[in-house]
Amino acid sequence: MTSDAEEYYSDRDSFYGIENEEDDDCSWPSSSLPSIQVITKESLLAAQREVLHRVMDLLTLREQHARALLIHHRWDVDRLLAVLVEKGRDQLFAEAGVSLLEHKDLAPIQLSSSVTCNICIEDVSADAVTTMDCGHCFCNDCWTEHFIVKINDGQSRRIRCMAHKCNAVCDEAIIRNLVSAKHPNIAERFDRYLLESYIEDNNKVKWCPSVPHCGNAIRIEGDAYCEVECTCGLQFCFSCSAEAHSPCSCLMWELWTKKCRDESETVNWITVNTKPCPKCHKPVEKNGGCNLVSCICGQPFCWLCGGATGRDHTWSSITGHSCGRYIEDTAKKAERAKRDLYRYMHYHNRYKAHTDSLKLESKLKETIQDKISIAESNESGIKDYSWLTNGLYRLFRSRRVLSYSYPFAFYMFGDDLFKDEMTPGEMELKQHLFEDQQQQLEANVEKLSKFIEAPFDVISGDTINEIRMQVINLSMITDNLCKKMYECIENDLLGSLQRTIHNIAPYKSKGVERASELSVCSDSDQSTRSMNPCNANWDSRANGASDSGLPYLDDESSSLDESGCSTRKRAKKEALGDALLHLNLPAEVVDRS
C-alpha cells in the first residue's frame, strides 16, 4: 500500500473538537451549495428573504402574502407548489387565509361620515377605521387591541381578521403601524416573531441545541434523518435535536436515555432482592440464612411467603406457621424482573465501557502530537505521520458507532419495540448476524487502539513501519466493518419491519458533516443596520428567551451571485435609492407590482 492511501483521511475531525475527515469514496452531494448551512444572526433575514422572493417571483405576490403562504405550508416551497398545481391558485390562497383584495377595490368611505364599529358598537369617524384586504372594516382601537392580544399570546405569525368565520390573515404593515403608535416595543416583538417563524415553523431549519445557546440555527437541504455539526462544535441529530446517536433511531435513543436516567433499574433490583414488610410495607433485604426476618418496625415475617409470623422459630420451621404454597405469579414476576435487569446491565456496561474509552481516547490527540514531534527529532527516517492522526480519527468514529450499537441491540432484540415484528426464531437468527458483525468491529477497534497508543517515539524505525502498516490496514478494516454493520441494520433489521418505521442517520466515513455558514454580503449598508432596534437582543434566545428571543435583523437578499452577495438587493437599491429593503418598511414600499 502506497503512501497515497494514507490520504484516505484528512487532518480534520469533528468529534470532541476534532474536525471532519475527507474521504474520496464517500463524497457529499454534488451541488453548488452545501447541503447543511448555519444560519447566524447576520444571515437569518437573508435566508428568509431567499425563500420569500422565490415565491414572490413565481406567483407575483407582495411579500406579506408570500410570507402568509409560506408560514401556512411551513416554509416548504415544494409543498406549496404541489398544492398550487393540485388545487389551483384560488384554493391555495383560501386555505392560507391570503386575500388579494386591495383597499382601492373597496367602496370608498366618505370622510365626513361616521362609521359604526361592529366590535365595540361605537360611532367613529371614517379616518379612525381600517379596512383589511378581506373587506372587513373596524375601528383602529379594536384592531389595535386585537393585534396586541394575539402578539402577547405568541400568535402574531398569522393574525386573522376579527370578523366571524373570516379566515383572512391581516396585513403586516397595518398591524405594525397601528401597534407601534401605542406600543412600539410590542411592534418590535411582532417583527421578531415574523423573523422567528422561518426557524420555528420550518421543518428544514432547527436551532442548535447547545447549552449555553450559541445563537445559531441549522438548515438542511436533504433528508431530515441526519447528524449535523454546528460551527460551535456541537454534533446532534437533526431529527430529534438530541446528541448524535446513530445507529440508534430517535425513539430508541429517547427510551435508552430515559431508562439510564430514571430509577427503573433500581426498582428492578429492589423487586429481585427484597420483600415488603407486611406491616409497614418497606422493602426488607435478607442478610442471614434464617427464613424468619424482622423489619426495622419490629414486625417478624416469613421470607418465603411474606406472611406475618411470631418470633418463635427453629432452623427448620417457624412456630405456628407453615407455607409450602407455591405462588406462580409472584415467582414469575420476580424472575422476569431479574432477567430484565441482567439483560439491561449487560448492554449498559458495554455501552458505558466504550463511551468511557472514547472519552479517554479523545485526549490522545495532544499526546500523539508530542510523540510525533519527538519521533521526528530522533531522525527515525519517517517524516510523514499523517497515518497516525488519520488512524486516531478513524478510532474515534468506529468507537462511537460501537458504543451506540449496544443501545440499538438492546431494543432491536428485546420485547419493548419489535416483539410482534419477528418470530423468536427470526429474532435469534438476526441477533446472531448482528452480534457477529458487532464482535468483529469490537475486536478490530481494540487492535487499532492498541497500535495507536504504542510508544513509537522511543522505538526503532522498522517497528514504526510495522505499526504504520497495521494502523492503515486496521483503519480501512474498521471503516468497512462500520459500513457493513449499517447495511445490515438498514436492510436486514430495520428495513424488514412491517408495522413500524425506524429511520437512522446514514453512516459516513468522513464523520458528521460540518455545516457551513450561509453567505451574506459583508458590505451591508451601515445606515440600514442602524435602523434595526433589536440587534442587541439576539443573545436573549441563548439566555432563555422563548418567543421573543430573536431580534429583527438587517435585510440581506436571498438571490445570491457567485460571490455570495445579493443580486436582488442591488436591484432594489437602485429602485429605492440608498434605502435598502427592511421588514419595518410599509408593505406598499416593497410591492412588486
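The values are calculated or read from the model by the stated rules, or taken from the named source; none is laboratory data. Since the structure is predicted, the reported quantities are computational estimates derived from the model, not experimental observations. Quick reminder, even Gly has a Cβ in these numbers, built from the backbone with ideal geometry, and neighbours come from all protein chains shown. Protein only, heavy atoms only, side chains kept; ligands, DNA and RNA dropped before computing areas. Shrake-Rupley method; radii C 1.70, N 1.55, O 1.52, S 1.80 Å.
Kindly rank 80-87, 125-132 from highest to lowest mean number of other beta carbons found within 10 Å of each residue.
The most tightly packed comes first, giving 125-132, 80-87.
Can you flag which of Lys352/Lys430; Lys259/Lys286; Lys430/Lys508 are past 32 Å Cα-Cα? It would help to have the intermediate numbers written out before the result.
On the way: Lys352/Lys430 24 Å; Lys259/Lys286 27 Å; Lys430/Lys508 24 Å.
Distance filter (> 32 Å) returns an empty set.
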Ile121-Asn273 pseudo-label distance in nm [points 7 Å out on the Cα-to-Cβ vector]: 7.4
Using a 7 Å offset from the Cα along the Cα-to-Cβ direction at both Gln440 and Asp370, what is the distance between the two label points in nm, to one decimal? 3.8
So, by mean Cβ neighbours within 10 angstrom, what's the order for 490-502, 296-308, 172-184 with the highest one leading? 172-184, 296-308, 490-502
Go ahead and run the numbers for FRET between Lys182 and Gln498, Cβ-Cβ distance against an R0 of 56 Å, rounding to 0.05. 0.40
Considering amide H positions built from the backbone, and no H for Pro or chain starts, which residues 5 or more places from Ile36, or on another chain, come under 5 Å of its amide H? Ser516
If you stretched the chain out fully between Asn349 and Arg74, how much longer would it get, using 0.36 nm times the residue separation minus the C-alpha to C-alpha distance? 94.7 nm
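Kindly rank 69-75, 358-364, 212-218 from highest to lowest mean number of other beta carbons found within 10 Å of each residue.
Details: 69-75: 21.9, 358-364: 15.0, 212-218: 20.0.
Top of the packing list down: 69-75, 212-218, 358-364.
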Surface accessible to a 1.4 Å probe, per residue, for the residues of the stretch 398-470, Å²: 46
If I model a spin label at His432 and Leu58 as a point 7 Å from the Cα along the Cα→Cβ vector, what separation in nanometres do I get? 5.3
In whole percent, how big is the carbon plus sulfur part of the accessible area of the stretch 342-393, probe 1.4 Å, protein atoms only? 52
